[in-house]
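Below is one structure, written out as structure tokens, with a few remarks after it.
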Amino acid sequence: MTEQVIRSWTDAFMAEDWDKISEIYAEDTVGQDPAGTIMKGREENIAGDKMWRSMLSDFKFCPAPTFWSS
């Protein structure tokens, strides 16, 4: 994901704008949540996002610069 996509997703997540998140996810999206659960497809991923959002009412997104070395 690019920074722009991450910011768009985060803004939508914070606003509980599931329609916007649906536009971001591909129909065949595969995701893994922090608990290790694999979610397949747009609807499963959005359901997982809704579950996590309900538990993270004080969630804050604070991007930080990252340096990569190879």
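The values are calculated or read from the model by the stated rules, or taken from the named source; none is laboratory data. Keep in mind that what you see is a predicted model, and the values were worked out from it rather than measured. In this analysis, Cβ positions are derived from the backbone assuming ideal geometry, glycine residues included, and neighbour counts consider all displayed protein chains. Side chains are part of the model used for accessible areas, which takes the heavy atoms of the whole protein and leaves out ligands, DNA and RNA. Shrake-Rupley method; radii C 1.70, N 1.55, O 1.52, S 1.80 Å.
Solvent-accessible surface (1.4 Å probe) assigned to residue 7 amounts to roughly 100 Å². Neighbours of residue 34 by Cβ distance under 14 Å: Lys/Arg scored +1, Asp/Glu scored -1, total -1.
Think of a 1.4 Å ball rolled over the protein heavy atoms: the chain then has 77 Å² of accessible area per residue. With every protein chain in place and a 1.4 angstrom probe, the accessible-area ranking of 13, 61, largest first, reads 61, 13.
Expressed as a whole percentage, what fraction of the accessible surface of the chain belongs to carbon and sulfur atoms when a 1.4 Å probe is rolled over the protein heavy atoms? Whole-percent figure for carbon plus sulfur exposure: 54.
Computed with every protein chain present, the accessible area of residue 60 is close to 150 Å² [probe 1.4 Å].
Annotation: residue 37 carries an accessible surface of approximately 70 Å², with a 1.4 Å probe and no ligand, DNA or RNA atoms counted. Pairs of alpha carbons in the chain separated by more than 21 Å make up 27% of all such pairs.
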